[in-house]
Amino acid sequence: MESADAAVVAWPRRVAAELLGTTLLLAVVIGSGIMAERLSGGNMAVALLANALATVGGLYILIEVFGPLSGAHFNPAVSIVITARGMLPRSLLLPYIVAQLLGAMLGAWLAHAMFDMTIVQFSTKVRSGPGQWIAESVATFGLLLVILRAPRSRVAAMVATYIGAAYWFTASTSFANPAAAFGRMFSDSFAGIAPSSVPAFALAQLAGAGLAVLAHRGFSPAVTASRQTTTEARSDIATD
């Protein structure tokens, strides 16, 4: 997501915002999963509900806080799409992705530190199979479509709400983010994913993002395509 404020922020601060924002996002996702698992008494539905609610609240706040600084992508799929649309300088794409991946790993370690767990660990939770991959494509498709079409003033609320819903209607519990999948492989907890499962998740997520771009273009009237391109080049509307 991009904003008028983010466009004028110096690039080191933008990258630092992506790093810190992604760190906090993964700390929310993994930390709330650990807490939920400990307090739910083995009830997985309650644990998932608690994890989803914490993620909704945390994601909304983080987008509002970091949106004016970096656009609050926290997600390589989002950064790739925003760059392809000309709303993020190509020179910032790689730094953004590196910051997001590093932040995701640091977020996992931060969650472990808060709960007195072994800091460095790897997940043993295998998440694989056609259903999981389709779910990740659907989750990321919906996320990017929301970002591309939501009114600027409602992006944070709509993205957070969508992710909360997708926790429940997708078989994968909606990672919808290659950086999140990367970070969660460093946590052998409720929210973890085995390293061997991450590449397929990332590919499914990128495929879903690509389909969302095509759908967005399909919904845009062909007769106004040139005008829309001009408007988008001048617009600061966030597009996660």
- request: Return the carbon/sulfur percentage of the accessible area of the chain, one whole number, probe 1.4 Å, all protein chains in place.
  value: 70
Accessible area per residue in Å² at 1.4 Å probe, computed on the chain: 44
query: Tell me, what is the Rg over Rh of the chain, with Rh the Kirkwood radius over Cα pairs?
result: 0.97
- prompt: In square nanometres, what is one fourth of the surface area of the convex hull spanned by the alpha carbons of region 146-197?
  reply: 4.2
field: Percent breakdown of C-alpha pair distances by 10 Å bin, ordered from the shortest bin, for region 1-97
entry: 17, 41, 24, 14, 4
task: Would you please state the base-10 log of I(q)/I(0) at q = 0.24 1/Å for region 154-228, with intensities from the Debye formula using one equal scatterer on every alpha carbon?
output: -1.16
message: Run lengths n ≥ 4 of DSSP H only: what is the helix-derived mean residue ellipticity at 222 nm for the chain, with -39500 (n - 2.57) per run over all residues, to the nearest 500?
response: -23500 deg cm²/dmol
message: So for each of 21-28, 89-96 I average, over its residues, the number of other beta carbons within 10 Å; can you give me the resulting order with the highest mean first?
response: 21-28, 89-96
³J(HN,Hα), Karplus 6.51/-1.76/1.60, whole Hz, each residue of region 67-76, x for Gly, Pro: x, x, 8, 10, x, 6, 6, 6, 7, x
message: Ordering TRP11, TRP168, TRP109 by accessible area with a probe of 1.4 Å, largest first, what comes out?
response: TRP11, TRP168, TRP109
- request: List, in order, the whole-Hz ³J(HN,Hα) value for each residue of region 41-46 obtained from phi through the Karplus relation with A = 6.51, B = -1.76, C = 1.60 and θ = phi - 60°; use x for Gly and Pro.
  value: x, x, 7, 5, 5, 5
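The values are calculated or read from the model by the stated rules, or taken from the named source; none is laboratory data. Being a predicted model, the structure only gives us computed values, none of them experimental. Ideal geometry is used to build each Cβ from the backbone, glycine not excepted, and the neighbour counts take in all protein chains shown. Heavy atoms of the whole protein, side chains included, go into the accessibility calculation; ligands, DNA and RNA do not. Shrake-Rupley method; radii C 1.70, N 1.55, O 1.52, S 1.80 Å.
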